[in-house]
Every structure is written in structure tokens, then in C-alpha cells.
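Report on one structure; see the data block that follows.
Rule-based calculations on the coordinates, nothing more; no lab input. Since the model is a prediction, treat every value here as computed from it, not as a measurement. Backbone-built Cβ (ideal geometry, glycine too); neighbour counts: all protein chains shown.
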Amino acid sequence: MDPIICGWDTAKLLIFSDNVFDPLIYYSHLGPLLVAFVVGIFVFLTNRKDLINRILLSIVLFFCIWIFFDLVLWATEKNEFTMFFWSAMIFFDLLIYSTALYFIHVFIKQRDLSFFQKVLISLPFIPLIFFSFTRYNIEFFDFTNCDRDALEGILWSYTYAIEILYTVFIFIEIFFGFLKARKENKLKRLLVVSSGVLLFLIAFSWGNIAGNWTDDWTVGQYGLFGFPIFVGFLTYAIVKFKAFDIKLLGVQALIVSLILLIGSQFFFIKTTINFILTGITFALAVGFGWFLIQSVKQEVRRKEELQKISDSLAVTNERLKELDNVKSEFISIASHQLRTPLTAIKGYVSLLLEGSYGKVPMPIQDVLNKVYTINNRLVQLVENLLNVSRIEAGRIQYNFERIQLEPLVSEIVDTFVLTAKKKNLTLTLNLPNYVLPKLTIDPNKIKEVVSNLIDNSLKYTKEGSVSVSVEASNGIARVVISDTGIGISRDDKVKLFEKFIRTKETTSMFVSGSGLGLYIGKSFMEAHGGKIRVESEGVGKGSQFIVELPFVNPNVKAGVSGQFSMLGR
Amino acid sequence: MVKILFVEDDFFIVEIYKKKFEASGFEVFNAPSGKAALREALAQRFDVVLLDLVIPEMSGMEVLRELRTNPEYPKELKIVVFSNLSSTEDRAECLRLGASGFVSKTEFSPSEVVSELNRFLRQWSEQEKNFTRQEKSPAEPAKIGKRILFIEDEAVFVEMFSKRLRDEGYEVVTKHEGISGLNEALKSDFDMIISDVVMPGMDGREIINRLKEIEEKKYTPIFVLSALLEDEHLKSLVASGLVNRSFLKTYITPSELVYAVNDFFKEKKKPKIEESK
């Protein structure tokens, strides 16, 4: 086997030459090598401390070395190189199998091998150390032709036997792994990873088996394409189950292959100008590639951080909602418990007043009447509290009717004339000089909202006036209640419509008041597709409450007359 | 129709209340001064005088004294003081002079005044019934001849509502929880069952569903008395027609329950008579 006879030229970097029996060898070797290398490094970098990632990287590195050795022995023109690399390959052949076993064990058991197991798995290497460079490895090398024919010795048969044994172990590990993995998610993951490992080993050994048996090394080369399959499976498993960013992987793979591709151009360049041009391109690709990877990495990190923050926010929000529910539930239970004594007081006082227990003198009747009245007020308060929990549970019922707004408002204002008069306040009602269209509203709910607003205005206005106007524009009817009262500060305006909120000014004027009226009003108006809002120049400058009702209630389908009674039930 | 003499000089206020009262089926006459009030009270028969204390010509207090001391005015005329004045001395003086009740102008909205007056009217008619019944005592109340089963776990309600039903003349059997309530309902015949909803042992809904499955018990009218009317199950129960009427406990007095029971039996009788004809 003489380079001159065989027409061999000098191999660049030991591996690039025309000496190979088939150019296919570069695709079958370098392609998988590239993919494996990038993925291995990437997976390793996602978590350097993770044992499984380290093992995967080892497999990838052993595989890369193996590939390199294999290329050398096909491409080199020097016989001693062929001999050396062929002999050395036996180590990495076995290393790949043993690390594959290690990998699958750690993956399934989720823990490292014990020291004893590690020793056991390493024992088969001892003969290799002693006999690698003896005739037991490569028994015979045919120097008479240019086919690089070698007769592999007993050491190779031994190695293949050990490899078969390891493969059997891998099967056993996988089998028990399936028995243990009951959960759907884990099972799927195991299936993906184990079939990846097995496919790889089959593809890997295919080269040797097919090469040895058929002497057709071309067919054997296809086996190496199995490695990307294995890596692909692993990547899928990681992406699917470990949630890392595929974008980053894609960019890194692209950049690295681009750089390698440009780099490989150096071996084919013949002119200096091309060399310089390629050099510049290479440098630019490396530079921009690095920046691109950095920026994508940063983006991914930022996204992950955002995700973490929003996750914790979601948890906090969930907790707050829970607390709110607990509180409303408490109110509901407490109010329910309150109802029993209230009912008893109401009932017994009424029986006493009606003389069921004998004649009651007038002065005592008068007192009992007061008790009855005050008790009824308490009943109303409890009902309001229950209303809040009902609103929160979405159990408020609405009876929508098509009615005229103006008479409803003037009726409400009528009920406050006396209160206003007593406080020496002017209460005025301004109705529009045109007729508003009929609105689809629940009159009782609107009454409650508007009454509450007028009542508030009268309560919190010491002198001056309260005016109620009905107006309409742009398909929206408005009831505006303006007063010259205590006004509302900017801070309070924001939270005024939340439950149990009372402004500092109101608490200093009246101790009573639950702070529920506006909250209830707000949710009633929302059910009408309307709004309730407040305007005030500030404390002491009066306030203006505006109730807005759309002409067409979006919560009730127009033209369906049955709808109203249906909702009413 | 109940006739009211409304003694009030502020025309504005008169308008508001007149509207309210008339909408509720009262007949209202206005007297703008004390003298006019006394004149009207002689000329017509009124059921109630709604008396403002601050009026022209005479004070309300003087009108009250005249109405109560002059034998020309009917004794059974009820006088409700309708005023802002609420000092203890004023109230005591009015009571001494013979006022039948007070309604504070500022404390109540016009519609609440109407319901207050309605409550007073009911109270007075009940008082009358009770006194005549008690005068006859120790004789038992007149029997109506209807048996009612009352199932309720709260002892205080059992006592309160069943006392009122018995006073009315109903025979009442009380049970304190669901299971014995159902057993009682199965054992003997009742003209009506009044039941609570949330109870230990057996739920009111369950009792109703069981009874409706039995042919002989199916047509026994059922009233439901509950503390939670917004409860979805109860709603569906009422909607399904299994229950004849339902009441929210906090909104009902014993007498109001009795009226509802009375009305129900009265209503039931009518079509039956027509059928027999």
C-alpha cells in the first residue's frame, strides 16, 4: 500500500483528502458530528451541574473523537496513521456503549451509579489497555492493495461481545423503567429517550456489522446518520419536558454550522484573494454570530425572568382572590346567623304590639314600635351585606323592563323632598324638554342606586343645594346628582366604588354607614351595561355623581320580549 | 277602604303623601289647619287621623286633646302623630292625651310612611281580636278545624310562629328536625305543612321531594319558611311548583304568616264551592 501507487495525496488536518473511497463519508461523518456537538454543548450549558447533561456531553465527545478517528483512517495517506487510529478506535467504541448504559441508568433511576457499579462497568476496559497495540487488536493489515483491508483481531470480538452485553443491560433498564413509570408524562419521556438511545446504538453498530460482513463500507456509513436521530429524540425530550428555549438552540446551531461551513472553505481555496475574502467573511460571521447568540440569549433570559415574575404574580393574585372569597363567605355565614335573632326580635315585638300576650300600655307600645323600627333597619343592613356576597357569587337577579326613566327619577326625588327641607337644602329636579326613549332597566335596582346617591348628597351637604338632572346624548341617558357638599379628594375618587370604603370626610361627619352603597351601585350599573362615576374638584368643593345608562342595554337582547320575564325569574 | 284625615298645612308635602297613600288604596282628605281638622272629623267618619303637630290656628296637641275629650268624636278614631317633633316630653304628652302612635317625618320616606301606617292598622285590628279572645279566656280560641304540621329546628321560631297559628285557631303539631317531621307527615293527615329548609337530620327539600312521591301526600299544601331564599335549590323548588308559597324569615312576622295561611285556605275554598255547584 503505497501512496504513490494508490494515487493518494496528502490529507489536510489528517481528514480532508480525495483518498476516501466515497465522498459520502464526509456527509455521514461531519453532519452528525456537527449536530451532535452543538446539541451536546447546548444541553450541557443549560445546566452544567446536571449529571445527565454531563453524561450526554461525554457521549457526544466520545462520538466526535470516534468520528474523527474513523475519518483519519479513511483519508490519511500514511499507513502508520491508519494503523494507529484504527487500533485506538476500539476504546471509544466501547466507551460509547458504556456511557450509553450509564446515561440510560441515570435517566431512569434519577441517581448516579454506585462506586461499585462504576468499577464493574469499567472492568471490561482492562484488556483493551493491555492489548490495544498488540496483534490481538488489528491482527492483519493488507498492504498489497489500496483498499485498507484489515483483519480485526480477537480483541474486537471481545469488545463486540461486551457491547452486546451492555445493550442487553440497556434493554433491561428500559424494561424496568417502563414498569416503574406509570405516569403518562414520564412514560412518554422515557419512550422518547430510550428509543433514541436504542436507535443510536443500532445505527452505530450497523457500520461495523455491515462493513465486516459485506465488505461494502458505503452501506455502513449510513448508520452514522442514526446519531442525529438520537440527538433529535433527546432534544425533543428536553424541549418538551424541560421547557428551554428552542429559539436559542436553533440560532446557536445555525451560527456554528455557518461558521464551520465558511471555515471549511479554507481547505479548497487556491488563490490569496479568495483566502482574504473568506477570512473576512469568516471573521464577520464569527463576530455577528456571537452578537446574535448573545442577544437571543439575553432575550430568552429576560423572557424567563418575566415568566417567573408573572408566575409569582399569578400565585399572589390567586391567593388574594381566595382571601376575598373567604371574606365574602364569612360575611354570608355571619349574616345568615344574624338573621335568626333578627327574625325572632321582629316576630316577638310584633306579637307583643298586637296584644298576643295581653294588653300593652301605650307608652310601652311606643317603645316597642321604636324597637321594631330600629330592628328593621338592622335587617336592611344585613340584607345589604348579603347582597355584597350575592353580587360576588353572581347570584343577583335582574328584572329588566322597558320603562321611561324620567318619571322613575322624579318619583325618587319626591321621596327626598322632606329630608332636604328639614336640612334647609334646595333639592331641584331638572328633566329634559324632550322625551327620552324607553330604557331596558331593572327599575328597583336603578331606584336603589339613584336613591343612594341622592341620600349621600343630602347627608354630606351642610348647606347649599342638591340638584338631580336627567339628560341624554350619544345614545346614553344620564342621571347627574350634583351637590355643594364635602367633595371628594383625588385619592378617594379612585377607590370610592370599592366595597367597605368610606372617605375620611364622611367618617368624621357620620359614624354609621357601611361603605357598601357605591360598590353595590357600581355592580348594578355594570349589569345594565352602564357606568357610575364621580367628579369633584376636591375636598369641600362639592361633588357630582353621574349614572350612565345606554339606550340599548347590551346585556339584554333587543326585540326578544320573552327575554325580560326570563331574566326576571 | 281606609279613610285618612291628613292634617298638614304644607301643600307640597300634602301632594307627595296624598299620591303615595292613594296609590296604596287609601282615601285621603286634607285639613290645612286645626280648626278645619276638627270640622272634617265631625262631618265625616275617618279611620285614621294623621296629625302634624305644627299647624296654623291651633296646635296639633290641642287638636288631639279636643278629639279625645269631646265625646262628639268617635272613640275608636285612631290618631297617629306625624311630625318632626320627637322629644321624649312631647311623645309622653301625646300618649297621655291619647295618641295611637307616632310616625317620624324625617325618619321615613313617603313609601315607608305608608307601610308604617299599614303596620299600625294591622296591629290595631290584631289588638282588638286578641282582646276579645282574651276576655273570653280561659276559653280556648275558636277552632278553625285545620291541622298544620310545623317543622323547624330553631326552638324560638317554633314557639313564636306556632303560638300565633294556635291563637288564630289552627291545630299545630311541631317537630324540631327533618326526620321526625317527615315521619309525622307520613303518619297522620295534615291540611298544610310549613317547613324550614336548612335543618339537621333531613333537609326541607328532601322532605318535600319524598312527600311529593307519595300519592296520598302529594296534594298537601306546603309553605316554606327559609332564612336563605336566594339559595338555588330552593328557587328551583319554588319554580317547579312543589311548594305553594315561600317566605324569607327576616321579612315576615308571625301575623303575616297567619294571614298568608288564611288567604290560602280561603282561595282554596272558592273553586271547590264552584265545582260542587
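A few notes on this one:
- Dividing the summed -39500 (n - 2.57) terms of all DSSP H runs of n ≥ 4 by the residue count of chain B sets its mean residue ellipticity at 222 nm at -15500 deg cm²/dmol.
- Longest site-free stretch - chain A; sites: GluC sites (Glu not before Pro), DSSP loop, at most 14 other Cβ within 10 Å: A:1-462
- Its Cα gyration tensor gives segment A:396-568 an equivalent ellipsoid, and the semi-axes of that ellipsoid, as √(5λ) in whole Å with the largest first, are 28, 18, 14.
- Antiparallel bridges, percent of DSSP beta bridges restricted to the protein assembly as shown (to nearest 5): 40 percent
- Assuming charge only on the beta carbon of Lys and Arg (+1) and of Asp and Glu (-1), the dipole of segment B:97-247 about its Cα centre is about 500 debye to the nearest 20.
- Relative contact order, whole percent, for chain B stands at 10, derived from Cα pairs under 8 Å and 6 or more residues apart.
- Segment residue A:489-residue A:50, extension gain: residue separation times 0.36 nm, minus the distance between their alpha carbons: 152.3 nm
- Projecting the Cα atoms of A:104, A:126, A:154 onto the charge dipole of segment A:95-161, computed from C-beta unit charges around the Cα centre, puts A:104 farthest toward the positive end.
- Gaussian network model of chain B, Cα within-10 Å springs - most flexible of B:132, B:253, B:88: B:88
- Once the C-beta distance of residue A:41 and residue A:320 is scaled by a Förster radius of 30 Å, the resulting FRET efficiency is 0.10 to the nearest 0.05.
- Residues of segment B:67-87 with amide N under 15 Å of the 7 Å Cα→Cβ point at residue B:45: B:73-78
- With a 10 Å cut-off around each Cβ of A:355-367, the average count of Cβ atoms from other chains is 5.
- Normalised by the number of residues in chain A, the mean separation of alpha-carbon contacts (under 8 Å, six or more apart) gives a relative contact order of 9 percent.
- Between the listed residues A:277, A:450, A:316, the Cα displaced farthest toward the positive end of the dipole of chain A, a dipole computed from Cβ unit charges relative to the Cα centre, is found at A:450.
- Spin-label zone in segment A:352-379 - amide nitrogen under 13 Å from a point set 7 Å from the Cα of residue B:92 along the C-beta vector: A:363-364
- When the pairs B:3/B:35; A:422/B:249; B:218/B:266; A:422/B:20; A:423/B:75; A:522/B:19 are compared against a 28 Å limit on Cα-Cα distance, A:422/B:249; A:423/B:75; A:522/B:19 fall above it.
- Measuring r between the beta carbons of residue B:19 and residue A:465 and using R0 = 25 Å, the FRET efficiency lands at 0.60.
- Amide N proximity, segment A:325-368 versus residue A:526 label position 7 Å along Cα-to-Cβ, cut-off under 20 Å: A:325-332
- Across segment A:455-472, computed HN-Hα scalar couplings (Karplus, 6.51 cos²θ - 1.76 cosθ + 1.60, θ = phi - 60°) run 4, 4, 4, 5, 5, 9, 10, 7, 8, x, 8, 10, 10, 10, 10, 10, 9, 8 Hz from first to last residue, x flagging Gly and Pro.
- Across segment B:256-267, computed HN-Hα scalar couplings (Karplus, 6.51 cos²θ - 1.76 cosθ + 1.60, θ = phi - 60°) run 5, 5, 4, 4, 5, 5, 4, 4, 4, 5, 4, 4 Hz from first to last residue, x flagging Gly and Pro.
- Student exercise, the protein assembly as shown dipole from Lys, Arg, Asp, Glu Cβ charges, in Debye to nearest 20: 1540 debye
- Here the convex hull built on the C-alpha positions of the protein assembly as shown has a volume of 308 cubic angstrom per residue.
- Computed from the Cβ-Cβ distance with R0 of 35 Å, the FRET efficiency linking residue A:404 to residue B:239 stands at 0.70.
- Estimated 222 nm signal from helices in chain A, with DSSP H stretches of n ≥ 4 weighted -39500 (n - 2.57), rounded to 500: -22500 deg cm²/dmol
- Distance from segment A:329-380 to segment A:158-205 (C-alpha centre basis), Å: 80 Å
- Each of A:190, B:94, A:524 was scored by the projection of its Cα onto the charge dipole of the protein assembly as shown, and the greatest displacement toward the positive side belongs to B:94; charges sit on the C-beta of Lys, Arg, Asp and Glu.
- Taking θ as phi - 60° and the Karplus parameters 6.51, -1.76 and 1.60, the scalar couplings of segment A:46-58 work out to 4, 7, 5, 8, 6, 4, 5, 5, 5, 5, 4, 4, 4 Hz in sequence order, x denoting glycine and proline.
- Separation of segment A:13-74 and segment B:235-258, taken as the distance between their Cα centroids, equals 83 angstrom.
- Around the Cα centre of segment B:3-135, unit charges on the Cβ atoms of Lys, Arg, Asp and Glu (plus for the first two, minus for the last two) sum to a dipole of about 380 debye.
- Shape parameters for chain B, alpha-carbon atoms, Rg then Dmax in Å: 23.5, 71
- Distance between the 7 Å Cα→Cβ label points at residue A:13 and residue B:166: 10.8 nm.
- Loop-resident sites, segment A:412-461, for trypsin sites (Lys or Arg not before Pro), counting at most 14 other Cβ within 10 Å (DSSP): A:438
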